[in-house]
């Protein structure tokens, strides 16, 4: 299958998927998110690939949702509440598809992974970061909640107090902090990132795939047993927060490169 915004490299039982919009910090437009969903489904029909590495082409993993994508902004701002609600399922579906992949998944985080990029990294089984990487959830600074089913994934990785700090303060955390908190599993020099990810991938690929994948699925089921009971509402929260004046102020401040002034409305 051909992809416009993904590069795929296959090596025996390991595949590397690179988000390929480096000139845009690999930000997630509608087409890239749709391609990520398609490639995860392709891997679910692939019995040879045992490990999938996700990374970003160029200097960054992903700068999150592409707020300059005209189609995305049009579908978020126009149309009925019903159609907006259906469109808002695209991001959560992408994250869920990555989380539920049969293969072991490794995020090789180069540069920045923020917003949706951080959500993708959290949805993978393991995360290796370059020593200059930064990861964060900027949503609160834009006047919105963290959605895409990503909140419980962050809590599972770093614990409730650190998750509140990471998400509410909306700062980009550095590799040293992220390894101490448990968000990252390993930190390496940036030039060693992909070799280190492939070395880890080879170790998992050498294990019997049925047993390894069953363990992965069972651990995920235990860790996320209550997620749906809570996170079914995050799209509703998103629609509420993005209808606020604070959201409009947060987005405008982002484009103006200034600090937002929130009023709680």
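A few comments on the model shown:
- Flag if residue 187 is part of a strand (DSSP E or B) and either under 15 Å from the mean Cα position of the chain (by Cα) or within 24 Å of residue 17 (Cβ to Cβ) (or both): yes
- Taking strands (runs of 3 or more DSSP E) as the structural unit, those lying wholly within the stretch 24-119 and holding at least 2 residues that are closer than 21 Å to residue 142 by Cα correspond to 112-114.
- Long-range neighbours under 9 Å by Cβ, at least six apart or interchain, first residue under 12 Å from residue 51 (Cα atoms) within the stretch 96-115, second in a helix (DSSP H, G or I) and modelled with pLDDT under 95: 101/44; 102/44; 103/44
- Any hit, the stretch 64-86, residues being under 14 Å from the mean Cα position of the chain (by Cα) and at positive phi: yes
- Pairs, first surrounded by 21 or more Cβ atoms within 10 Å (Cβ to Cβ) in the stretch 18-30, second modelled with pLDDT under 95 and outside any strand (DSSP E or B), C-beta under 6 Å, six or more apart: 27/66; 28/66
- Pair list, Cβ under 7 Å, 6 or more apart: the stretch 182-211 residue without any contact (Cβ under 8 Å) to a residue 40 or more places away in the chain, other residue part of a helix (DSSP H, G or I): 182/157; 182/158
- Residues in the stretch 128-174 that are closer than 13 Å to residue 99 by Cα and outside any helix (DSSP H, G or I): 148, 149, 150.
- Count - residues of the stretch 131-141 that are surrounded by fewer than 24 Cβ atoms within 10 Å (Cβ to Cβ) and in contact with a helix residue (DSSP H, G or I) (Cβ under 8 Å, 6 or more places away or on another chain): 6
- Those residues of the stretch 112-129 which are over 12 Å from the mean Cα position of the chain (by Cα) and surrounded by 24 or more Cβ atoms within 10 Å (Cβ to Cβ), in sequence order: 128, 129
The values are calculated or read from the model by the stated rules, or taken from the named source; none is laboratory data. Everything numeric in this text was worked out from a predicted model, so none of it was measured. Here the Cβ is made from the backbone with ideal geometry for all residues, glycine too, and neighbour counts use every protein chain on show.
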